[in-house]
């Protein structure tokens with residue numbers, strides 16, 4: 001793992017690069033949720049597990065997090081965050097010769113799906129950890145308007161106790177997506193997928209990577 005910065009792009013790309021010992025030439029850009037940063041333990045664990053399978057991973061801070069160390073993003077900065085995702089993919093294409101995938105936890109994953117709905121050619125597929133289907137206790141505020149335009153193969157990883165969307169709600173929402181997609185359930189997990197504070201469910205990264213690499217093999 002090494003620090004990575006590309007200031008030639010606007011927004012700049014800042015994060016950490018996980019180089020596998022035996023690369024399969026594929027790359028994944030992975031980012032965080034509204035309340036975290038690229039050092040979130042879940043992201044680190046998934047990045048390490050994917051690197052062990054040969055995938056080069058860049059986990060990076062979205063532009064809103066580069067601007068301030070804490071606090072949620074403002075609605076007006078979402079477009080710039082998507083531009084940051086696109087720039088991170090551009091940076092990754094300069095590192096690997098194979099396919100480039102895009103992923104994120106919660107807010108980061110939502111922005112990744114929105115970017116791919118707008119520009120399907122950006123990434124070869126998506127890894128979405130705890131997609132925030134709606135705000136807690138507000139099931140009427142669904143974040144699915146762009147789903148019918150999503151043409152990227154996607155793995156959705158979702159806890160069965162996630163307040164941002166029940167399994168039934170997720171299953172109904174994913175039927176809006178015309179592209180191939182898989183829903184991987186994490187029994188008993190909440191929005192953090194078993195990574196809360198210093199505790200970590202070590203079964204989660206393996207299950208995520210197993211499902212994701214299987215999906216990649218089918219693309």
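None of the figures in this text is laboratory data; all of them are computed from the coordinates on show. Owing to the predicted nature of the structure, the values given are computational and were not obtained by experimental measurement. With ideal geometry, Cβ positions are generated from the backbone for all residues, glycine too; neighbour counts draw on all protein chains shown.
Data for the structure
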quantity	calculated
Mean Cβ neighbour count within 10 Å, used as a protection proxy, ranking 92-100, 59-67, 128-136, 2-10 highest first	59-67, 128-136, 92-100, 2-10
Residue 23-residue 79 pseudo-label distance in nm [points 7 Å out on the Cα-to-Cβ vector]	3.5 nm
Relative contact order (%) - the chain, alpha-carbon pairs under 8 angstrom, separation at least six	17 percent
Whether the chain is rounded, prolate or oblate, judged on the alpha carbon gyration tensor where a/c under 1.5 counts as rounded	rounded
Centre separation in Å (Cα based) which lies between the range 95-130 and the range 55-90	12 Å
Prolate/oblate/rounded label for the range 62-163 (Cα gyration tensor, a/c 1.5)	oblate
Rounded, prolate or oblate (a/c below 1.5 giving rounded, otherwise prolate when a/b exceeds b/c) for the range 100-210 by Cα gyration tensor	oblate
Neighbour-count order for 86, 206, fewest beta carbons within 10 angstrom listed first	206, 86
Inter-label distance for residue 53 and residue 68, nm, one decimal - labels placed 7 Å from Cα along Cα-to-Cβ	3.7 nm
